[in-house]
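Rule-based calculations on the coordinates, nothing more; no lab input. Model, not experiment: these values are computed from the prediction. Don't worry about glycine lacking a Cβ; one is built from the backbone with ideal geometry, like all the others, and counts go over all protein chains shown.
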Amino acid sequence: LFARPCRFTYASQRIDQLPAFTLPEVAFCGRSNVGKSSLVNALTGQKTLARVSNTPGRTKQLNFFELGEEGRGRLTLVDMPGYGYAQAAKQVKEDWQGLMFDYLRGRPNLMRVVLMLDARIETKASDLAAMDLLGEAAVPFQIVLTKADSAKPYWLRKRQEEVAGFVRERAAAHPVVVTTSSEDGTGIEELRAELAALAAP
Ligand code: GDP
């Protein structure tokens, strides 16, 4: 699935402009700066696919990328806008009310949302709010820890235990948590295998 280049297919700022749901879809979300662009680029092996940036507050839009042979796509990756770095839970909910929530609720081909949490930082209220919304939207989500290379081992273990707790508590959470690093490649193959299992044949 990841052997061929991934293609940018669509950017959407309005729910009525979403592309037709022809392929299974996996959406990526997380706080700004969590390492989402870097991870999407590491997964697809393309350095410039999703823009890596330190500036939060980009235009709120959904970006669609297709994996698989040209003309025979197998999986769509959707890059969701990051929620704010210091954003309160309430703001996340407000932000996600429009396009994001409509997208999450109205997308029958959305197989899973990958929710990224920074391995080095404790879970923020905004992350919990995002998990609540995913639960409300009844979308299965999988937690991925990012930047494992720069988390101290004891802290990483603490984070993994904390996240295992979220997974137990939340019905919509997929049981497998993948610990990743876009820097040293930790977990990238494991996450690719998780996603490949959702792709069309
Ligand atoms: P986004 O805002 O969620 O798309 O995050 P980016 O991918 O733009 O990354 C934010 C910052 O974290 C950048 O400075 C990246 O170089 C850094 N970063 C991303 N992934 C990793 C990682 O796996 N390890 C480390 N050490 N830094 C990372």
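Stretching the chain fully between LYS158 and ALA196 yields a gain of 10.8 nm (0.36 nm per residue, less the alpha carbon separation). Each principal axis of the Cα atoms in the chain has its own extent, and those three values, largest first, are 46, 35, 33 angstrom.
The amide H of HIS174, built 1.01 Å from its N in the peptide plane, has PHE141, GLN142, ILE143 as neighbours under 5 Å, considering only residues 5 or more places off or on other chains. For LYS93, the lysines whose Cα falls under 26 Å of its own Cα, not counting residues fewer than eight places away in the same chain, are LYS36, LYS60, LYS124, LYS147.
Cβ crowding within 10 Å, taken as a proxy for footprinting-reagent exposure, orders VAL176, VAL139 from fewest neighbours to most as VAL176, VAL139.
Comparing THR179, THR123, THR76 in a Gaussian network model of the chain (Cα springs below 10 Å), the most mobile by mean-square fluctuation is THR123. From helices alone, the chain scores -9500 deg cm²/dmol at 222 nm; the rule is -39500 (n - 2.57) for each run of n ≥ 4 DSSP H residues, then divide by the residue total. Which one of LEU39, LEU115, LEU128 has the biggest mean-square fluctuation once the chain is modelled by GNM with Cα springs under 10 Å? Among LEU39, LEU115, LEU128, the largest mean-square fluctuation in the Gaussian network model of the chain belongs to LEU128. For the chain, the membrane-span-like helix rule (DSSP H, alpha carbon extent of at least 15 Å along the helix axis, mean Kyte-Doolittle at least 0.0) picks out 125-136; this says nothing about an actual membrane. Near the amide H of ASP118, within less than 5 Å, lie the amide hydrogens of THR146, all on another chain or at least 5 residues away, with H placed in the peptide plane. Beta bridges from DSSP with both residues in the chain: antiparallel share about 40 percent, rounded to the nearest 5. Legend: calculated FRET efficiency, ASP16 to LYS60, from the Cβ-Cβ distance at R0 = 22 Å, rounded to 0.05, equals 0.90.
Between GLN46 and ASN109, the FRET efficiency from the beta-carbon distance, with R0 = 30 Å, is close to 0.85.
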